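The values are calculated or read from the model by the stated rules, or taken from the named source; none is laboratory data. What you see is a predicted model, and the numbers here were worked out from it, not measured in a lab. Methodologically, a virtual Cβ is constructed for each residue, glycine included, from the backbone with ideal geometry; neighbour enumeration extends over all protein chains shown. Areas reflect the complete protein model, heavy atoms only, side chains present, ligands, DNA and RNA absent. Shrake-Rupley method; radii C 1.70, N 1.55, O 1.52, S 1.80 Å.
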Amino acid sequence: MDLHFGDSKPTDEERAAIDALLGPPESAWEGAADRPDADLRWARGGRAARERRDLLLPGLHAVNDRVGWISEGALDYLCRRLTVPPAEAYGVASFYAMFALRPRPATVVQVCTDLACAARGSAELCSELKSRLGAPGSPADGAIWEESPCLGLCERAPAALVVRAGTGAPA
């Protein structure tokens, strides 16, 4: 059994983020608004569809980076565009800690709590953040902080990364 999202629709901004990566949809099978006569004669699949599956992770990044989180509508639209089962895409999106599947503020501070950072004081840093800003995920001044797995900055432990979603926002 596959996971289906039903009638969820992407926002214009989510659609734009995906279309910026993949180009505009060529047919209604991929989510185009108009259904040309050619759509009644063919559907993209097989080898042509499999050749684009590697764009799933970049597509998830495109939405998450631009909007700040990945809605069911955005995930469904990306799945249609790439011919990827929604359950598979959901599994990928929910696996990575930096992707959000629920609305959150545009600014997120990721604090590494993996081994190298833990050895260099990430627990104390998280405790300080909790006392000043509240529990992880609690909005404070339009931003939140979260504990995160390795950020790849072990030589600078404890590491933190500020991520700001939006079209012109620096990451």
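A few notes on this one:
- Accessible area per residue was computed with a 1.4 Å probe on protein heavy atoms; Tyr77 scores about 10 Å².
- The mean sequence distance of close C-alpha pairs (under 8 Å, at least 6 residues apart), as a share of the length of the stretch 90-168, puts its relative contact order at 42 percent.
- Formal net charge of residues neighbouring Gly68 (Cβ-Cβ distance under 11 Å; K, R +1; D, E -1): +1
- Neighbours of Pro10, meaning other residues whose beta-carbon lies under 11 angstrom from its beta-carbon, give a summed charge of -2 when Lys and Arg score +1 and Asp and Glu score -1.
- In this calculation the C-beta distance from Ser138 to Asp7 is compared with R0 = 30 Å, giving a FRET efficiency of 0.40.
- Binned Cα-Cα distances of the stretch 68-171, short to long, each 5 Å bin given as a whole percent: 2, 12, 19, 19, 18, 15, 8, 5, 2, 0
- FRET efficiency, 1/(1 + (r/R0)^6) with R0 22 Å, evaluated for Arg104 and Asp19 via beta carbons: 0.40
- Size descriptors for the stretch 127-166, from the alpha-carbon set: Rg then Dmax equal 11.3, 30 Å.
- For Leu55, the accessible area of its heavy atoms, probed at 1.4 Å with every protein chain present, is near 50 square angstrom.
- Solvent-accessible area of Val92 with every protein chain in place, 1.4 Å probe, in Å² to the nearest 10: 40
- Summed side-chain charge close to Leu56 - residues other than Leu56 whose Cβ falls under 11 Å, Lys, Arg +1, Asp, Glu -1: +1
- Of the residues Ser8, Ser94, Ser131, Ser148, ranked by 1.4 Å probe accessible area with the largest first, the sequence reads Ser131, Ser94, Ser8, Ser148.
- Ser131-Tyr96 pseudo-label distance in nm [points 7 Å out on the Cα-to-Cβ vector]: 3.5
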